[in-house]
Amino acid sequence: MKTITFKQKKTSSIALEFDELIPDEIYTWGESDFNKYEVPIGNSRFPLTDYFDIKVEGEAESPDEVKMIINGDLNRVKYIGCKMSGGEILCNSSVDLHVGAEMSGGTIIVDGNAAAHAGREMSGGYLEIKGNTKEFTGASYIGEWRGMTGGEIIVHGNAGKQCGECLSGGKITVLGNCDILAGIHMSKGVMEIQGDVNRWPGGQMKNGTIVINGKLGRLLEGFVFDEVVDNPDIEGKVYDGRFIKYTGDIGLNGKGTLLINADVNRDKLGEYGESDDEYTSIREYRNL
Amino acid sequence: MEYILKNGIVYDPANKVNGEKKDVMFKDGKIVEKVSSDAKVLDVTDKIVMPAGVDPHSHVAGPKLVVGRLYRPEDSRKGVTQKTNLLRGESGFSIPSCPTTGYRYSRLGYGTVVEAAMPPLEAKHTHDEIATIPNIDIPALPLFGNNWFVLEFAREGKIDELAAFISAWLKISKGYGVKIVNPCGSEAWGWGMNVHGINDKAPYFDVTSKEVIRALAKANEKLGLPHSIHIHPNDLGHPGNVPTTLETFESVKDIDKNAAVRNQNLHCCHLQFHSYSGNSWKDASSGAEEVAKYVNKADNITCDVGQVTFDETTTMTADAPMEYDLFKLSGLKWVNKDIECETAAGIIPIIYSPKSPVNTLQWAIGLELFLHIDDPWKVCLTTDHPNAGPFIRYPRIISWLMSNERRMEMIDNEVHKWVHSRTTLPTLDREYDFYDIATITRAAPAKIHGFSDRGELTPGYNADIAVYDINPNDIDPSKEHELIEKKFGLTDYTIKDGEILVKDKEIVKVKESSTIWTNVKGYEEEEKAVIEGIMPFFNQYYSIKWENYPVHDHYLSNPIRVDVEASK
Amino acid sequence: MAYEEPITDYDEIVENCTCAFCGCNCDDLDYLVKDGHVVGVRHACRLGASKIMEDMDQRLIVPMVRDDNGELKEVDWDTALDKAAEYIANSIRPVMYGWSETSTECMKEGLALGEYIGAVLDNQATICHGPSLQAVQNAGYPIQTLGEVQNRADVCVYSGSNAMNSHPRHLARYSVFCRGFFRSRGRFDRTVVTMDPKFTDTAKMSDKWIGFEQNGDYGFYNAIRAVLKGKELSQDVISGIPKEDIYELVEEMKNAEFGVLFFGLGLTHTLSKQRNIDIAIKMVQDLNKFSKWGLTPMRGHFNVNGFNIFMAFETGFPFGVDFARGYARYVLGETNTIDLLTRGEPDVFLVIAADPGAHFPNKANQHLAKIPVIQIDIHWGPSTELADVVLPGSFIGVECGGTSYRMDGVLIFMKKAIDKPETCRDDEWIVRELKERVMKLRKEPNVAPEYIPNPAAQ
Ligand code: SF4
Ligand SMILES: [Zn+2]
């Protein structure tokens, strides 16, 4: 096991790019290698040691045996863990764009917020963000219709617009709220949102599942009411409570599933039966 | 500057040189018989020397291409490289940026690439892009098959006027030859329709595809253009299109060719897409044998193949209704571009997978055509870049053609089982040799396009030469297919107009490209009359002024003018 | 409109000039020239004519450099260019923005400079039709040239675009009023629909106005798609539109022979931004199952499309391209001018033929005030107040020729009609000079193989 600790000396107004400092590249590096290394900033490169003190302890035979601990203010450090395939990165601060983008394995834990593009087109591994994220969390890069294909993203706070865009596998969990168009163009995988969603989840969704435990604002016309289910089981996880199940987006013959908590979203039930009675009767009908 | 390429093993089919150990000399950009003792010696002992490659049909510049590049950043992202002191950063896989296109063709040993579809209205744009592609010469073929004026002339049977129109429009668009795409079909697409077979009529214009093809072929021969009509027949990609293809061939049988530089009066592009039997994809099968049989018999037909390479690529063609059919199948992002009074175009990303029965069928049909057509002078290597695959896959196709073993390996293990039940590919054990490869990649395409300055190592011809790091006496292509693919992918030398562009597998020089266009002489009066006749229409129904229509010199990069004396 | 006397006092007429104002690129203008000035313009609309004729108003004539006291001082060309080149050569995160009101010939020089130094090149798409381009990249692009609309279209829909005001001749020359080959009676052969929350001038002359609520566009188009698939709408009112109206509209669109959707900033700049366009494109694609439909974004500046086309064929990406690492990078939200400026990253800003001072959000302008700004333009504007070096260019389509791409992608050569003021230079020349001077001052950064980036990270 090799532990590499980054201790910040100074910050930069122009972002440092950390795409070369991933376990896959640096598992053989000693301190002297870091001291020689120049980190890209804008159109230039500057010695990494201008910005960080680096301590290396232990040895690693493969990327998987690397643990990077990055301390300091990382609001201008982007591409952390981008394209990594193994190992572990701990960030003790909020981080800049593209954290964990296109990673295929390993673990990244961000003790703070993440800027946009966190975990884009991820194909494996685990990305945990203890704070909030901005737009395009776990989305695809522009033009690509196959987004995140595997792995798991957990956001403890709120997620920005178009979270899980083009999701094609894996799982995204948002414990807070989600902004508009969560899971747009999604074709596979699971999105779990514990908080509220203000508008239009699942636009032009082909397949996959979105579970919303909080309050849903506007629902798109492309979603058709299916039934009310109790304690649905989605890929091995059981969600307690009653959920309204929709299928969509019908505009493109989509077969996606949208589950929203029935108790929190009683007003939505009204569309299919004004009163609580009718709601009950749907349930009873199903129980027959 | 004088050079001598020493001790190479030369394949020059135009001069019937088949693997002879021989020196090739050039001076001031031209091949010469001999050089002085000051000549610089380039030692290529036991390496393959061929004329530089000629791609007879590819899509590298123009309005379609740019939309492809603009709307597929996910493709552009794939081939990104860092700039060097000499080269700009590259980008793209199936639709590389303009500089990238030039670099990659150069590395393959190509010197000339024909841009196969140029709408005259967008000719300035096409030439603007051609000027941005370095290292290769690019003639462009303007689209005539759905042009409103052409449809009118064809309906009225006015061949003289049509000839004058072509002659004028080649000058106006700085085009090289006559391209026809899905005649009448792209016009029907203006109303969301298509035509089926060659006897279907374009709406309103009341003219059949067959009439358009015959009229254009007659006008083409009347002018005696260096290239014959270059046709993408109707019903591309539809199961059961073999009869349409054969009727298209048959329709020009009686039209005499009128150009000594070529043998054919019709070149059919990407024939693979036009050789499907059956009625629907359920019962589709290969029609390659039947089509090849016709080509073998006919002296007036040549073709290129449009070989599927099993990649994720981008289809783009002026056959817009076909692209919409593809969109309905895959649902991927669809581009359409209708050009007023002239043509239409469509684009859609496509993933050719060996696991797919249809894609396997397409792959097999391409190879069957190569193997069934006996005379390599009648068939050229293309992927209809980027439609069936990107051009950087040419070396892989060469390795398939040279190795039955590799083909059988794929048939047995990699592709869908339809290859056994619906094609004859497993029964074909013919293998191409280096001489055949040189024919289908340089000599034949050059002859078909009527080039008289390239495609051969004849003294006086351009010094366009490729040297591959292969010793033909020391390699077994049928076993070492991987090596063949690798070595044909990157030259030891690519020489263009006597300048060394690639040396030891690295680009060492970037030069501006040229465009080649045909200047018909002797039709000036008729051209004027035709233009005067259509001017009222043009002023009323085109959205730009006439002054803005022709390609002026500003947009031409180092034009090479081919003068043709029209015989009336 | 008051009656204006026709202009009779001129020396010569230059025919078939091209208007350098909006994305219509009308190429049928006649300039009336007297004493080397354009005194009258025929065929242009008021917007175009006023821009062309007021060419000397607020005109930047001489190069200027801001001195230590913060005053712009007139200097000679060498001094100004050297100063600008020095700023660029010493920069770490240069951004070169604008380009939409200059020629592609000038862009070519700019791209060479940007690639050399490792700059971000971006144009006005970033603040106007960027979302449309993103949507195109996600959903596709069924378009047609404007002549195709003129000759065939029987239904024209304007969504979020008040063309009557922003592109005054669009309806007259290309889409609605003009006579087309298959629409010989012009306006009478066409149905015009305007979709806009506001009852605009374009809505006034339309046959139908769909006034969906602000920000309701995505929900509205989603409902249309559902109806096209044969679904009954479950809500009575969607985005402020009664469902009966939606059914009726869908029927009308399905029955068109050739329909076109023109959309403008009203659609790109509401809540769900590029997704509005995304779903509008999908709707047009669906409609093609029933009849023929296309669309065209109503591009604003005359060559804003040109920059996107030019960048796409040169680099593979349409705008917001970052060359900092020696290879092209295009990530929306990262390599766009506004994002970079609000993040406070750029350390030099070159603005050519654009006015960030007037169009950028406050936070972006605040950062601009802190860094060296180099302006290449013909008119004094809010950006001049921010500029540290001012390089006076010349007026494309009037004082110098150049290439432009119309909103539908048709290339137009804009010819020169008069001479430029003696002390001004062509944009192309200025940028080439800058490039050559920068090349002398700094060795090209980030060239392979000196720094081979992580191949996995490209
Ligand atoms: S419509 Fe636009 S291009 Fe045409 S004259 Fe008016 S401003 Fe100029
Ligand atoms: Zn083709």
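Please treat every number below as a calculation from the coordinates, not as lab data. This structure is a prediction, so every number in the text was calculated from the model and none was measured. All Cβ positions, even for glycine, are placed from backbone atoms using ideal geometry, and neighbour counts span all protein chains on display.
Structure summary
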item: Dipole in debye (nearest 20) - region B:140-243, about Cα centre, beta carbon charges: Lys, Arg +1; Asp, Glu -1; result: 300
item: C:Lys416 long-range amide H proximity, modeled H, under 5 Å; result: C:Gly401
item: Set of lysines with alpha-carbon distance to C:Lys208 below 19 Å, sequence-local pairs under 8 removed; result: C:Lys198, C:Lys243, C:Lys254
item: Cβ-derived FRET efficiency at R0 41 Å, B:Asp325 paired with B:Glu524, nearest 0.05; result: 0.40
item: Estimated inter-spin distance, B:Ser37 and C:His269, nm [label 7 Å along Cα→Cβ]; result: 7.8
item: Helical mean residue ellipticity (222 nm; -39500 (n - 2.57) per DSSP H run of 4+; nearest 500) of the protein assembly as shown; result: -8000 deg cm²/dmol
item: Modelled FRET efficiency - R0 35 Å, B:Glu482 with B:Lys509, Cβ distances, 0.05 increments; result: 0.75
item: Beta bridges by DSSP in the protein assembly as shown, antiparallel share as percent, to the nearest 5; result: 45
item: Exercise: per-residue mean of other protein chain Cβ atoms within 10 Å, C:223-234; result: 4
item: Shielding by partners, peptide B:119-129 (average Cβ within 10 angstrom, other chains); result: 4
item: In degrees, nearest ten, helix A:276-287 long axis to first principal axis of chain A (Cα); result: 80
item: Using θ = phi - 60° and Karplus 6.51 cos²θ - 1.76 cosθ + 1.60, couplings along region B:340-346 (whole Hz; Gly, Pro as x); result: 3, 6, 10, 6, 9, 7, x
item: Region C:191-224-region A:52-121 distance, computed between alpha-carbon centres (Å); result: 47
item: Rounded to 5, the percent of DSSP beta bridges in region A:2-218 classed as antiparallel; result: 20
item: Stretch gain in nm, segment B:Trp546-B:Asn15, where the contour uses 0.36 nm per residue and the Cα spacing is subtracted; result: 186.5 nm
item: Estimated distance in nm for a label pair at B:Asn279 and A:Asp53, the labels positioned 7 Å out from Cα along Cα-to-Cβ; result: 8.2
item: For region B:3-62 and region B:253-316, distance of Cα centres in Å; result: 30
item: Order by protection proxy (mean Cβ within 10 Å, highest first), peptides C:430-443, A:75-88; result: A:75-88, C:430-443
item: Length-normalised contact order for region C:130-297 - Cα pairs under 8 Å, 6+ apart - percent; result: 32
item: Candidate lysines - alpha carbon under 29 Å from A:Lys7, same-chain residues fewer than 8 apart omitted; result: A:Lys36, A:Lys55, A:Lys67, A:Lys78, A:Lys83, A:Lys130, A:Lys134
item: Averaged over C:172-183, number of beta-carbon atoms from partner chains that fall within 10 Å; result: 2
item: Protection proxy ranking of B:151-162, A:111-122, B:552-563, A:58-69 - average other beta-carbon atoms within 10 Å, highest first; result: A:111-122, B:151-162, A:58-69, B:552-563
item: Chain A, relative contact order [Cα under 8 Å, separation at least 6], %; result: 9
item: Sorted peptide list for A:213-220, A:242-249, C:300-307, B:525-532, criterion being average Cβ within 10 angstrom, highest first; result: C:300-307, A:242-249, A:213-220, B:525-532
item: Long-range HN-HN contacts of B:Lys333 with modeled amide H, under 5 Å; result: none
item: Set of aspartates and glutamates with alpha-carbon distance to A:Lys255 below 14 Å, sequence-local pairs under 8 removed; result: A:Asp226
item: Relative contact order of chain C, defined on C-alpha pairs under 8 angstrom at six or more residues apart (%); result: 24
item: Separation in nanometres of the label points that stand 7 Å from Cα toward Cβ, at C:Lys34 and C:His359; result: 3.4
item: Region B:428-443 - phi-based ³J(HN,Hα) in whole Hz, Karplus 6.51/-1.76/1.60, Gly and Pro as x; result: 9, 10, 4, 10, 6, 9, 5, 5, 4, 4, 4, 5, 6, 9, 9, 5
item: Cα-based convex hull volume of region A:2-218 per residue, rounded to whole Å³; result: 97
item: In sequence order, calculated HN-Hα J values of region A:83-98 (Karplus, 6.51, -1.76, 1.60; Hz; x Gly/Pro); result: 6, 6, 10, x, x, 9, 10, 10, 10, 8, 6, 5, 10, 8, 4, 6
item: The protein assembly as shown - charge dipole about Cα centre, Lys and Arg +1 at Cβ, Asp and Glu -1, debye rounded to 20; result: 940
item: Angle between chain C longest axis and helix C:77-89 axis [Cα atoms, degrees, rounded to 10]; result: 70
item: Under 20 Å between alpha carbons - lysine pairs in region B:169-241 that sit 8 or more apart or on different chains; result: 12
item: Computed E for C:Thr8/B:Asn85 - FRET, C-beta separation, R0 51 angstrom, nearest 0.05; result: 0.25
item: Amide H partners (placed H, <5 Å) of C:Ala119, local residues excluded; result: C:Phe323
item: Kyte-Doolittle mean at least -1.0 and Cα axial length at least 18 Å: DSSP H helices in chain B; result: B:159-173, B:209-223, B:357-372, B:524-541
